[in-house]
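Student: Can you keep this structure in mind? I'll have questions shortly.
Every read-out reported here was derived from the displayed coordinates using simple, explicitly stated rules and does not represent laboratory data. Values in this document were obtained by computation on a predicted structure and should not be read as measured data. Note that each Cβ is placed from the backbone with ideal geometry, even for glycine, and that neighbours are counted across all protein chains shown.
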């Protein structure tokens, strides 16, 4: 209970820091009306909008009223189209979830089995091949891979659409672009984790019991090797979202990543803040889930376990 | 005759280097219900001998010569699968690091039940029950509760008991205890030795007990095999070996044992270290450390005759 309370308090502080940081950085970095309004607009109109959006108030007053509204669930109004920022963001969330979710599944489904195989056949041609491809996939920037895929599959072969969303065909290239570098990373982490586990004395014990290779890998090695992988997975969620911003821009995928790029470009403060809060919340939740899974896999970190040592 | 090992040699292949032979012609025999102790310093090949017998050599290691005859069957003559089945049914090993030897993410009961199921093919429920019985058999209090716990919740001695319970699952004929008590406190060490002796007598197991501590095995083993640099240098009944050690190395080992009778004296040590297996001296491997070595010793490797391998011992034909 105490452990949960500490976790929640810590998450709350994290959220508050993110909100505050984003609020001030966005406002210090320039007047939104410069971006939103045409250059040749007269000062009276400019002042009208500044008053309308509350930008004429002192910064701390703005901050306070923003926080108060936020506590009541009001994320503010988009400067660009007068819509509720929260609705605007939520409308895009399913698309981003679809993209990042697919990419994550692809990367785990490819990366983990390849990493396990590479570790089992360490120093073989298979291992070398997998690792060479992994280095390639890992070091290729997202935007470059995306553009490369568009060149090959959309312009040359004309088999996949280069932008937009709506059909499964639209999903393939963005998800692959985003998933491949993570698949490469997961393959590398899985390999090193498995190599470490395979040399452990308990693997010899399993062999001395007469457990076959399949049983040794699935029931003895993988559960142990997955502990560090789960830890890394928690961190990778953040990178995945970062990657989604770029990938969505390259493929004109209408998710929150692309919304974020346009909103930042036009200083649409309420929308940017809403997205940042959402992302921070996702990260905090991802970390909490990681902790839960971690305890579920590894009895040594399970809450309430231990302390019975003779 | 439960196990007969004849002229066993183990070769380890190395990347871009010449292979090494940590075991170079070892012979020994274990009968049901008796204990054979293999004694020697670190790096003498005693563990490699055991791993070869139990089929657990590292990936680059292989049996390069000799025979391992288990319950009348030559393991080398069997295909890999049958050899593994025979080993699984008739032998088990206990190692030094019991805590590391148990899987940290599996409960103690699960790990023992798995051994039961693999060796005798019981159902899940039967195996779980048998695991609890075995934990009780090795002297763990509250076996039912303990079976649900994990290795990190056990002390080193308790984990070694759990390892022994795991080893005796399915009543193997041969138990190999490789430095099984080395990492434990002296009192726990004695308890584990007693437990192994007790199980040997009640289950009629043959036991190979590997240790670097000659004093430890005096009262537990019927026969002692002293190894040096991958070879057997002396093999004798325990009483005979302690009464009249013949090989200079055995003599040196015995004089370096602490004795309760003369506590104040400074213990003699054997000068030098075991030569590395990839740089063995020519002739007798012990010669560079032997006070009696002469020119023959550094030229010819003595063979094991009448239980001892030394140029200085005249064996009656």
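Student: Highest mean first, what order results for A:138-151, B:142-155 on Cβ atoms within 10 Å?
Tutor: The packing order, highest mean first, is B:142-155, A:138-151.
Student: Which whole number of Å³ per residue matches the convex hull of the alpha-carbon atoms in segment A:2-71?
Tutor: For segment A:2-71, the hull spanned by Cα atoms encloses 89 Å³ per residue.
Student: Here is a follow-up. How high is the FRET efficiency from residue A:46 to residue A:2, r the C-beta distance, R0 56 Å, rounded to 0.05?
Tutor: 0.55
Student: Would you please state which residues of segment A:31-54 a label at residue A:82 would reach in this model, taking the label point 7 Å out along Cα→Cβ and a backbone N cut-off of under 14 Å?
Tutor: From segment A:31-54, the list is A:49, A:52-53.
Student: Sum -39500 (n - 2.57) across every DSSP H segment of at least 4 residues in chain A, then divide by the residue count to get the 222 nm mean residue ellipticity, nearest 500.
Tutor: The per-residue figure over chain A is -24500 deg cm²/dmol.
Student: Another question about this same structure. Residues of B:148-155, mean number of Cβ from any other protein chain within 10 Å of their own Cβ, rounded to a whole number?
Tutor: So the per-residue partner count for this stretch is 4.
Student: Would you tell me the mean number of C-beta atoms belonging to other protein chains that fall within 10 Å of each C-beta in B:81-94, as a whole number?
Tutor: Across the residues of B:81-94, the mean count of other-chain Cβ atoms within 10 Å is 2.
Student: Now for a separate question. What does the average come to when, for each residue of peptide B:209-217, you count the partner chain Cβ atoms lying within 10 Å of its Cβ?
Tutor: Shielding by partners across B:209-217 averages 0.
Student: Let me ask something else. Can you figure out the FRET efficiency of residue A:133 with residue A:24, using R₀ = 56 Å and their beta-carbon distance, to the nearest 0.05?
Tutor: Efficiency computed from Cβ-Cβ geometry: 0.80.
Student: Given an 8 Å cut-off on Cα distances and at least 6 residues of separation, report the relative contact order of segment A:118-272 as a percent.
Tutor: 26 percent
Student: Could I ask something else about it? Would you compute, from DSSP H runs of 4+ residues alone, the mean residue ellipticity of chain B at 222 nm, taking -39500 (n - 2.57) per run and dividing by the full residue count, rounded to the nearest 500?
Tutor: The helix contribution divided over chain B gives -9500 deg cm²/dmol.
Student: Which of rounded, prolate, oblate describes chain A, given a ≥ b ≥ c as roots of the alpha-carbon gyration tensor eigenvalues and a/c under 1.5 marking rounded, otherwise prolate only if a/b is larger than b/c?
Tutor: oblate
Student: Mind pulling up the Rg/Rh value for segment B:1-143? Radius of gyration and Kirkwood radius, both on Cα.
Tutor: 1.01
Student: Let me ask something else about it. May I ask you to derive the relative contact order of chain A, considering only C-alpha pairs under 8 Å and at least 6 residues apart, and to give it as an integer percent?
Tutor: Value for chain A: 25 percent.
Student: Additional query: Ranked highest first by the average count of other Cβ atoms within 10 Å around their residues, in what order do A:256-267, B:107-118 fall?
Tutor: The peptides rank, most packed first, as B:107-118, A:256-267.
Student: Run the paramagnetic zone check for residue A:37: 7 angstrom along Cα to Cβ, then residues of segment A:263-278 with backbone nitrogen under 12 Å.
Tutor: The answer is none.
Student: Express in nm, to one decimal, how much length is gained between residue B:218 and residue B:269 on full extension, taking 0.36 nm for each residue of separation and deducting their alpha carbon distance.
Tutor: 16.4 nm
Student: At what distance in nm do the modelled label points of residue A:293 and residue A:57 sit from each other, each positioned 7 Å from its Cα along Cα→Cβ?
Tutor: Going by the 7 Å Cα→Cβ label model, 4.2 nm.
Student: Here is a follow-up. If the elastic network links every pair of Cα atoms under 10 Å, which of A:29, A:154, A:107 fluctuates the most in the Gaussian network model of chain A?
Tutor: Of A:29, A:154, A:107, the Gaussian network model singles out A:29 as fluctuating most.
Student: With the contact rule set at Cα under 8 Å and sequence spacing of 6 or more, what percent relative contact order holds for chain B?
Tutor: Dividing the mean separation by the residue count of chain B yields 21 percent.
Student: If packing is taken as the average count of other Cβ atoms within 10 Å, what order do A:177-183, B:300-306, B:175-181 fall into, highest mean first?
Tutor: Averaged packing, sorted descending, gives the order A:177-183, B:175-181, B:300-306.
Student: I'd like the FRET efficiency for residue B:17 and residue A:300, computed as 1/(1 + (r/R0)^6) with the beta carbon distance as r and R0 of 41 Å, rounded to 0.05.
Tutor: 0.60
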